[in-house]
Amino acid sequence: MGLDFSVIPKYLDIVLLGALWTIAITLGAAIVSFFGGILLAVIALYAHPVVRWPFRAFSFLFLGTPLLLQLFLIYFGLVQIGIDVPAFVAGVIGLGLHFAVYNSELFQTSILAVDKGQIEAARTLGLSRMQALRKVVVPQAVRDVIPPIGNNMIALLKDSALVSVIGVSELTLSAQRAIGSTYRPFEFYVLVAAIYYIINLGMEAVLRRVERRIQASK
Amino acid sequence: MNAQKPFIDIRHAKKSFGTLEVLKDINLQVDRGQIVAIIGPSGSGKSTLLRAINDLDPLSGGEIWLEDKQINMDLPHRQYERHINEVRQEIGMVFQHFNLFPHLKVRENVTLAPKMLKGLSDAEANALAEEQLTKVGMIERIDYYPSQLSGGQKQRVAIARALAMKPKVMLFDEATSALDPELVEEVNLVMKQLAEEHMTMIIVTHEMGFAESVCDRVLFMDQGVVVEEGPPEVIFRNPKSERTQNFLRKHLAGNQA
């Protein structure tokens, strides 16, 4: 049996709809991971030990266990204790928190790299520590860490394929469904790979723009 | 006995880092409108003393008062934070390395604290920024980023940023030490202007000429103690202590070399 790409147009709408879900889930998880990462970094660096240690334990848990397992736990596990999360939301939260932990490591480094004189200047004006962090330190830290965060977001896009296992009809699962009715795995997997790649190119273009704008303000 | 309390009153200030005593029982009273220069070799404790005034480097012992308020009060952490944030609003500080906020434009550097802490509207804060930046001669650069400014310009913006909080006293921590020589004068001019407006100022400096022409009093510090203090003409022309004489001689020799 040779290759036959002519089956694709019939299923293209399903696959493209899957691509939209992939973009939506990536975007949602990216936002969670970005702000969650900042929050975790600030907690790791500045919070009272009583707050810091549970969060640190949480971080180790997310770093030290497979993302796949975390998704299973959030989607299938939480139902048992009465928390019924829709698959899409479970995917966004699972991916988002997982990458928030990675981002937090980057934010911590860049927060510590902000010159100590910055927080001193803010504090001498009368800002509280939190105000100084929010308005002076974190914005500078974020600015410095955009390129590596961007790399994490590209990894996030690729890992979003994992949420297919909890039944979110994203790109990978849509391909599997199309394959299920056509028995054409090669054709559809190649197509889907190409679509991931194109989304990635789009993300990189956006990142480059953001980086350029940051450079301009430096 | 002087019935009137001094504006700033530092009593028995002590500070140690581990076993190293950097401030040994310092006493300093500053009246409203007075301009005091603190000179001395590096490591003499002069910057530490200045930074103790707004609690950037908290004292290990002693008291610091601003009018009728004790700055380094003994309070539970939370209350102390609230207290010190209020106190710091009344004390402007200018740093050797400017410490402008690089991610904010000149305007926002000046408006940030008044907007956050005094609840000024955008319009009010802008008017305030324009007023202060005009005063330091930086109004044309209001929409620049700090990275686009020279050192002298940065320091003038830093002064405007501190003045925007309408402080009762201004602290200068070697404000011109990091500047190229040709940029020192523009910052000195702004400081002189403040002196003419009778702003209370404590100035840690290496510039003896400036200290002599602007200050009412000069303190010479060495190894954590005030060795000698008096009017500038006495300290610079006729110092009593041998340590002061040696320091000034070395300093002048260094400047000519």
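The values are calculated or read from the model by the stated rules, or taken from the named source; none is laboratory data. In this text the structure is predicted, and so the values were computed from the model without any measurement. Don't worry about glycine lacking a Cβ; one is built from the backbone with ideal geometry, like all the others, and counts go over all protein chains shown. The protein model used for the area step is the full one, side chains on, heavy atoms only, and it has no ligands, DNA or RNA in it. Shrake-Rupley method; radii C 1.70, N 1.55, O 1.52, S 1.80 Å.
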Using Cα pairs under 8 angstrom and six or more residues apart, how large is the relative contact order of the range B:95-242, in percent? 21 percent
Accessible area per residue for the range A:19-170 in Å², computed with a 1.4 Å probe and the full protein assembly in place, what is it? 45 Å²
Post the alpha-carbon centroid distance, the range B:1-54 to the range A:78-109, in whole angstrom. 53 Å
On a straight-distance basis, which lysines could pair with residue B:240 in a cross-link, Cα separation under 22 angstrom, same-chain partners fewer than 8 positions away excluded? B:24, B:46, B:250
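Determine the shielding of peptide B:100-106 by partner chains: average, over its residues, the number of Cβ atoms on other chains within 10 angstrom of each Cβ. Display every interim value, and only then the final one.
Working: counts 3, 8, 9, 14, 5, 1, 0.
Average neighbour count from other chains, rounded to a whole number: 6.
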Given a 10 angstrom Cα cut-off, can you work out which residue in B:37, B:127, B:175 is the most mobile in a GNM of chain B? B:127
Which one of A:73, A:112, A:97 is farthest out on the positive end of the charge dipole of the range A:19-170, using unit charges on Cβ (Lys, Arg +1; Asp, Glu -1) and the Cα centre as origin? A:112
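Using +1 on the beta carbon of Lys and Arg, -1 on that of Asp and Glu, and nothing else charged, what's the dipole of the protein assembly as shown about the Cα centre, debye to 20? Could you put the intermediate results ahead of the total?
On the way: 47 positive and 48 negative charges, 137 e Å.
The calculation lands at about 660 debye.
With a ≥ b ≥ c taken as the square roots of the eigenvalues of the C-alpha gyration tensor of chain B, please select rounded if a/c is under 1.5 and otherwise prolate if a/b is larger than b/c or oblate if it is not?
On the way: a/c = 1.83, a/b = 1.24, b/c = 1.48.
Oblate is the answer for chain B, as a/c is 1.5 or above yet b/c matches or exceeds a/b.
Solvent-accessible area per residue for chain B at a 1.4 Å probe radius, Å²? Write out the running numbers ahead of the final one.
Values: 11720 Å² over 257 residues.
It amounts to 46 Å² per residue over chain B.
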For residue B:38, enumerate residues with amide H under 5 Å from its amide H, sequence gap 5+ or separate chain, H modeled in the peptide plane. B:203, B:204, B:205, B:219
Karplus-derived 3J(HN,Hα) from phi for the range B:23-36 (6.51 cos²θ - 1.76 cosθ + 1.60, θ = phi - 60°), whole Hz, x at Gly and Pro, runs 10, 10, 6, 8, 10, 8, 10, 10, 8, 4, x, 7, 10, 10
Roughly how big is the A-B contact, given as buried accessible area in Å² (both sides, 1.4 Å probe, nearest 100)? 2000 Å²
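Take each uninterrupted DSSP H stretch in chain A, measure its Cα extent along the helix axis, and return the ones at 20 Å or beyond whose mean Kyte-Doolittle hydropathy is at least 1.6.
A:8-46
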